[in-house]
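The values are calculated or read from the model by the stated rules, or taken from the named source; none is laboratory data. As the structure is a prediction and not an experimental result, all values here were calculated from the model. Quick reminder, even Gly has a Cβ in these numbers, built from the backbone with ideal geometry, and neighbours come from all protein chains shown. Protein only, heavy atoms only, side chains kept; ligands, DNA and RNA dropped before computing areas. Shrake-Rupley method; radii C 1.70, N 1.55, O 1.52, S 1.80 Å.
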Amino acid sequence: MTERRRYCYVSGLRLGVPALEELCAQGRPPDLVVSYPVELAHRCGYTDFEPLTSRHGIPHLRAADINSDEVRDALSTHRIDLMVVAGWSQLVHEQLLAALPLGGVGLHPSPLPVGRGRAPIPWTILRDMRSSAVTLFHLDREADTGDIVDQLWFDIPSDTTATGLYERVAHLQSELLVRRLDALLAGSAPRRPQTGHVSVWPRRRPCDGLLDFTASGADVDRMVRALADPYPGAFARFGGAHITLCGGAVDETVQGGAPGQIVAAGPHRRWGVTCGDGSVFVPDSLRVDEGVRAEPTSLAMFRPGASFDVPSPHMLVASRSDAVPRQAFDSDALLRA
């Protein structure tokens, strides 16, 4: 009788939770889960997998380094054949993959080979993509370059936020993995080389969220949406305070002033900030310094006529403010190339 193939599920992010929950619900849980330790709880989207693994009786290892001897030993102890990676910021070394009879596969929230690299969800919004895909692919020696097993395509609304896109991608990843897991464990899953246009999206840092209110309202809105929870947020300075705009929208009915100037945007102290094209971005939620979210109208500091601080040139350069595109990104054209 053929021994059952065993797999390990690797994720440190809530992006990977729906797939694990669905596999457990179907009676197909992994034989080992590897997740981030609490020391990495500062990472965007961090999730503690211990409650979920304890509830289902799944062996669970916390590891900051997926290539450590501790992980290697756990894979050997649990006789793991296949590694499934669904949210991990580190490349799995070739030697580790070679030790697994079935190697490893990864889930990536972009239509590979478009969107290799870091921060795919914020970049999808910053590049104004109207469609994208979740990709299941074989891991190899380079990041996001392995043969594709399958992809699930989906449309992206023009007003999507990182919060909504993150949840959508998480559930699509679950659907894709559930669909292909049995074939992967049987060694019969399809695979095809990546072909077509290749793009590598760079890492984003918290300082890259600095807003430039001389940009158009559409660009400011796009930056705010792209960096919504679980990401650090788009921010500006006001009277020396660090103001994170957690949400909002451009209101074309409001008369603007000079770029960065606060203007009245309705009754009950509702206000907005003028952008470079004269349009007004009206926030609906913000944070001051490291505080909790607040309604903008609850803060008396934001009075019409006042202005956000003007960033120094070196701050704008350091934040790579040109990362906000001035033209829509035509994903369909790239994928046809």
Is it the case that Leu82 is within 26 Å of Glu142 (Cβ to Cβ), buried (at least 19 other Cβ atoms within 10 Å of the Cβ) and either touching a residue at least 40 places away in the same chain (Cβ under 8 Å) or touching a His at 6+ places or on another chain (Cβ under 6 Å) (or both)?
yes
Quick one: in region 237-257, of everything that is among the small types (Gly, Ala, Ser) and farther than 13 Å from Phe281 by Cα, which residue is least open to solvent (accessible area, probe 1.4 Å)?
Ala241
Counting only residues that are surrounded by 15 or more Cβ atoms within 10 Å (Cβ to Cβ) and in contact with a Ser or Thr (Cβ under 9 Å, 6 or more places away or on another chain), how many does region 31-45 have?
5
Options Ser279, Ser321; residue that is modelled with pLDDT under 95 and surrounded by 15 or more Cβ atoms within 10 Å (Cβ to Cβ)
Ser321
Write out, first by first residue and then by second, each pair whose Cβ atoms fall under 7 Å of each other, whose residues are 6+ apart or on separate chains, and whose first residue, in region 269-286, is touching a residue at least 12 places away in the same chain (Cβ under 8 Å) while the second is part of a loop (DSSP other than H, G, I, E, B) and β-branched (Val, Ile, Thr).
Gly272/Val254; Gly276/Thr214; Val280/Val254; Val282/Val254
Determine which member of the set Arg127, Arg28, Arg55 is of a type outside the set (Asp, Glu), out of contact with any strand residue (DSSP E or B) (no Cβ under 8 Å at 6 or more places or on another chain) and crowded, with 18+ Cβ neighbours inside 10 Å.
Arg127
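Could you check, for region 4-24, whether at least one of its residues is more than 22 Å from Leu136 (Cβ to Cβ), in contact with an Asp or Glu (Cβ under 8 Å, 6 or more places away or on another chain) and either hydroxyl-bearing (Ser, Thr, Tyr) or in contact (Cβ under 8 Å) with a residue 24 or more places away in the chain (or both)?
For region 4-24, residues more than 22 Å from Leu136 (Cβ to Cβ), in contact with an Asp or Glu (Cβ under 8 Å, 6 or more places away or on another chain) and either hydroxyl-bearing (Ser, Thr, Tyr) or in contact (Cβ under 8 Å) with a residue 24 or more places away in the chain (or both): absent.
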Of the residues Ala186, Ala170, which single one is more than 19 Å from Trp271 (Cβ to Cβ) and touching a Pro at 6+ places or on another chain (Cβ under 9 Å)?
Ala170
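If we scan region 5-13, do we find a residue that is under 16 Å from the mean Cα position of the chain (by Cα) and open to solvent by 50 Å² or more (accessible area, probe 1.4 Å)?
Going residue by residue through region 5-13, those that are under 16 Å from the mean Cα position of the chain (by Cα) are 11-13.
Next cut, open to solvent by 50 Å² or more (accessible area, probe 1.4 Å) only: none.
Scanning region 5-13 turns up no residue that is under 16 Å from the mean Cα position of the chain (by Cα) and open to solvent by 50 Å² or more (accessible area, probe 1.4 Å).
Going by what's in this entry, would Arg237 be described as within 22 Å of Arg303 (Cα to Cα) and among the basic types (Lys, Arg)?
Spelling it out, Arg237 is indeed within 22 Å of Arg303 (Cα to Cα) and among the basic types (Lys, Arg).
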From the list Asp128, Asp140, Asp182, Asp159, which one is charged (D, E, K, R) and on the phi > 0 side of the Ramachandran plot?
Asp128
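Residue-by-condition table, conditions (1) in a strand (DSSP E or B); (2) charged (D, E, K, R); (3) at pLDDT 95 or above:
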| residue | (1), (2), (3) |
| --- | --- |
| Met129 | no, no, yes |
| Phe137 | yes, no, yes |
| Arg141 | no, yes, no |
| Trp153 | yes, no, yes |
| Thr160 | no, no, yes |
| Thr163 | no, no, yes |
| Val169 | no, no, yes |
| Leu177 | no, no, yes |
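Conditions tested, residue by residue: (1) open to solvent by 50 Å² or more (accessible area, probe 1.4 Å); (2) more than 30 Å from Leu245 (Cβ to Cβ); (3) touching a strand residue (DSSP E or B) at 6+ places or on another chain (Cβ under 7 Å); (4) touching a residue at least 12 places away in the same chain (Cβ under 8 Å).
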site: Ala162; (1), (2), (3), (4): no, no, no, yes
site: Tyr166; (1), (2), (3), (4): no, no, no, yes
site: His171; (1), (2), (3), (4): yes, no, no, yes
site: Leu181; (1), (2), (3), (4): no, yes, no, yes
site: Gln194; (1), (2), (3), (4): no, yes, yes, yes
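Conditions tested, residue by residue: (1) part of a strand (DSSP E or B); (2) over 22 Å from Leu227 (Cβ atoms).
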{"residue": "Gly257", "(1), (2)": "no, yes"}
{"residue": "Arg269", "(1), (2)": "no, yes"}
{"residue": "Val282", "(1), (2)": "yes, no"}
{"residue": "Ser285", "(1), (2)": "yes, no"}
{"residue": "Val292", "(1), (2)": "no, no"}
{"residue": "Phe302", "(1), (2)": "no, no"}
Out of contact with any strand residue (DSSP E or B) (no Cβ under 7 Å at 6 or more places or on another chain), under 30 Å from Asp31 (Cα atoms) and either of a type in the set (A, V, I, L, M) or not in a helix (DSSP H, G or I) (or both) - does that describe any residue in region 219-242?
yes
